[in-house]
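The values are calculated or read from the model by the stated rules, or taken from the named source; none is laboratory data. Source: prediction; values computed, not measured. In this analysis, Cβ positions are derived from the backbone assuming ideal geometry, glycine residues included, and neighbour counts consider all displayed protein chains. Remember, those area values only see protein heavy atoms, side chains included, never the ligands or the DNA or RNA. Shrake-Rupley method; radii C 1.70, N 1.55, O 1.52, S 1.80 Å.
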Amino acid sequence: MYLVRHGAADPFGELTDIGQWQSELLGRRLAALPIDAVWHSPLPRAVRCAQIVGRHLPHAGVREAAELIDHVPHVPDDAPPAWAAFFDGYDAEEAAAGARLADALTDRFARPATSETHEVLVTHAYQVAWLIRHALDAPPVRWLGLNCGNTALTAIEYRDGMAPTVLLYNDMGHLPIDLRWTGFGSGTRP
């Protein structure tokens, strides 16, 4: 399973020119792999990214998966101090709805397939973090701080009888330096 946060987007949720170019470069990178399907969130920034990537994968169907929608997957009872303001105002009903969506996401995608498949999931930062946390069998609160850049590539391998293997996390090797680290706050980056 290849996880991708959509390309850089504007405040209205549409891919910017940079986001479209990031998506193009990601598609070129994935073209050498035996991709069977590209799944995307229903939100416009993920749909457009998946369409661009899909042009490089003519044998892979590009389809929507509601489970990939952007949402907060887990609201901790005691949020870390740095995150307290972020979670302020979430009520029990919203937290439960997020948990149900997170369960649906892992139930559908975080499992071995009946035959070897290579699927790309074009989604959002929180969903990539949640699936990484799940693959590592880390506590639910550990999704916090697992950030990923726009069109960064993460890969998880699922095999019967084995724990998931994280093969790549946040790999931006297909992007030139000026297109890396978009989607993060300001700060020094390697």
Task: Carbon plus sulfur fraction of accessible area for the chain, probe 1.4 Å, in percent - done: 53 percent
TODO: Mind checking the per residue accessible area of the chain for me, 1.4 Å probe, whole number of Å²?
DONE: 50 Å²
- [ ] Compute the length gained on full extension between residue 32 and residue 118: take 0.36 nm times their separation in residues and subtract their Cα-Cα distance, giving the result in nm to one decimal.
- [x] 29.8 nm
Open item on the list: Can you compute the charge dipole magnitude of region 85-190 about its Cα centre, using +1 on each Lys and Arg Cβ and -1 on each Asp and Glu Cβ, nothing else charged? Give it in debye, rounded to the nearest 20.
Closed with: 280 debye
Open item on the list: In the chain, if the dipole is taken from +1 on Lys/Arg beta carbons and -1 on Asp/Glu beta carbons about the Cα centre, which of 124, 26, 181 is farthest to the positive end?
Closed with: 26
- [ ] Would you please give the residues with an amide H less than 5 Å from that of residue 168, counting only those at least 5 places away or on a separate chain, with H modeled from the backbone geometry?
- [x] 155
- [ ] Quickly estimate the mean residue ellipticity at 222 nm for the chain, helices only: each DSSP H run with n ≥ 4 gives -39500 (n - 2.57), and the total goes over all residues, rounded to 500.
- [x] -9500 deg cm²/dmol
